[in-house]
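Q: I'd like to ask some things about the structure below.
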Amino acid sequence: IFILIYSCDNNKKPEDLWDEAQNYRINNNLMEAINTFKNIIEIYPNNYLSSKSQFQIADIYLNDIKDYDLSIKEFKSVVKDYPNDEVAKKSLFMIAYIYNNYINAYTDAIDNYNLFISKYPKDELIPSVKYELEGLKEIISKIDSLKINNDL
């Protein structure tokens, strides 16, 4: 059955698969959406929709499934596999944002926000990154003061 499905998908244009995956997502058939996005990546690795498909997979795990660890893993794949694509930039921001706002892994958030600043110093997201880092300063100072009080 898999070979039949794969060969059928292999005959479709990447744009058709993209539309199909988007429809699956709209209809809340999330695993089919993910699988169809993965098919785009596997069948058409050099197509412009491959990077966007990887981003969509991460976005589904973040916003629809709410699996933050898996979402970070998928966003990291975007950054690693498509470093020069616009979605890599957004993915790096999202990694830091998830660490900060969903997982409360503040050190990881700070590291990734700072990496974003060093890689994309003139990007339009820089004000957002700085805003997030400013909020983290308060949290880090509270954590540091708790550590000092516990050491006493």
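Q: Which members of segment 88-114 meet the condition of being aliphatic (A, V, I, L, M), open to solvent by 10 Å² or more (accessible area, probe 1.4 Å) and part of a helix (DSSP H, G or I)?
A: Selection gives M94, I103, I110.
Q: To continue, here is another question. Do we have S118 as in a helix (DSSP H, G or I), open to solvent by 30 Å² or more (accessible area, probe 1.4 Å), over 25 Å from G135 (Cα atoms) and modelled with pLDDT of 95 or more here? So that I can check it myself, show each step before the final result.
A: Details: in a helix (DSSP H, G or I): yes; open to solvent by 30 Å² or more (accessible area, probe 1.4 Å): yes; over 25 Å from G135 (Cα atoms): no; modelled with pLDDT of 95 or more: yes.
No: the conditions fail for S118.
Q: While we're here: Answer with yes or no whether Q56 is assigned to a helix (DSSP H, G or I), within 16 Å of S91 (Cβ to Cβ) and free of Cβ contacts under 8 Å to residues at least 40 places away in the same chain.
A: Answer is yes for this residue.
Q: Is it the case, given these coordinates, that S141 is within 30 Å of L49 (Cβ to Cβ) and either part of a helix (DSSP H, G or I) or among the polar types (S, T, N, Q) (or both)?
A: no
Q: From Y106, Y68, grab the single residue that is of a type in the set (F, W, Y), within 14 Å of the chain's Cα centre (by Cα) and under 30 Å from L133 (Cβ atoms).
A: Just one listed residue meets the conditions, Y68.
Q: Could you give every pair whose Cβ atoms fall below 9 Å, whose first residue belongs to segment 22-40 and is open to solvent by 70 Å² or more (accessible area, probe 1.4 Å), and whose second residue is among the basic types (K, R) and not in a loop (DSSP other than H, G, I, E, B), counting only separations of at least 6 or pairs across chains?
A: Going by the 9 Å Cβ cut-off, the qualifying pairs are E32/R25.
Q: Moving on. Among the residues in segment 144-152, are any open to solvent by 30 Å² or more (accessible area, probe 1.4 Å) and assigned to a loop (DSSP other than H, G, I, E, B)?
A: Initial filter on segment 144-152 (open to solvent by 30 Å² or more (accessible area, probe 1.4 Å)): 144-152.
Checking the rest, the ones that are also assigned to a loop (DSSP other than H, G, I, E, B) come to 152.
Among the residues of segment 144-152, at least one is open to solvent by 30 Å² or more (accessible area, probe 1.4 Å) and assigned to a loop (DSSP other than H, G, I, E, B), which makes the answer yes.
Q: Moving on. Which members of segment 97-152 meet the condition of being among the hydrophobic types (A, V, I, L, M, F, W, C) and touching a residue at least 24 places away in the same chain (Cβ under 8 Å)?
A: Residues satisfying the conditions are I98, I103, A109, I110, F116, L125, V129, L136, I139, I140, I143.
Q: Residue by residue through segment 41-64, note down the ones that are open to solvent by 30 Å² or more (accessible area, probe 1.4 Å) and of a type in the set (F, W, Y).
A: Once the filter is applied, which keeps residues that are open to solvent by 30 Å² or more (accessible area, probe 1.4 Å) and of a type in the set (F, W, Y), segment 41-64 yields Y44, Y48, F55.
Q: What is the residue count in segment 76-92 for residues that are closer than 12 Å to I57 by Cβ and among the hydrophobic types (A, V, I, L, M, F, W, C)?
A: Adding up the residues that qualify gives 2.
Q: Something else: Here are N63, N84: which of them is in a helix (DSSP H, G or I) and within 28 Å of I117 (Cβ to Cβ)?
A: N63 is the lone residue from the list that is in a helix (DSSP H, G or I) and within 28 Å of I117 (Cβ to Cβ).
Q: Could I ask something else about it? When the residues of segment 71-87 are filtered to those that are of a type outside the set (S, T, Y) and under 10 Å from the mean Cα position of the chain (by Cα), which remaining residue is surrounded by the most Cβ atoms within 10 Å (Cβ to Cβ)? So that I can check it myself, show each step before the final result.
A: First, pick out the residues of segment 71-87 that are of a type outside the set (S, T, Y): 72-76, 78-81, 83-87.
Those still in the list that are under 10 Å from the mean Cα position of the chain (by Cα) too: 72-76, 78-79, 87.
Values: I72: 24, K73: 14, E74: 24, F75: 29, K76: 15, V78: 27, V79: 21, V87: 20.
Filtering first and then ranking leaves F75.
Q: Inspect all residues belonging to segment 121-137 and state whether any of them is more than 12 Å from the chain's Cα centre (by Cα), under 30 Å from N35 (Cβ atoms) and surrounded by 14 or more Cβ atoms within 10 Å (Cβ to Cβ).
A: Checked against the condition, which is being more than 12 Å from the chain's Cα centre (by Cα), under 30 Å from N35 (Cβ atoms) and surrounded by 14 or more Cβ atoms within 10 Å (Cβ to Cβ), segment 121-137 yields no hits at all.
The values are calculated or read from the model by the stated rules, or taken from the named source; none is laboratory data. This structure is a prediction, so every number in the text was calculated from the model and none was measured. Counting neighbours? That spans all protein chains shown, and the Cβs are built from the backbone with ideal geometry, glycine included. What goes into the accessible areas is simple: the full protein's heavy atoms, side chains included, and nothing from ligands, DNA or RNA. Shrake-Rupley method; radii C 1.70, N 1.55, O 1.52, S 1.80 Å.
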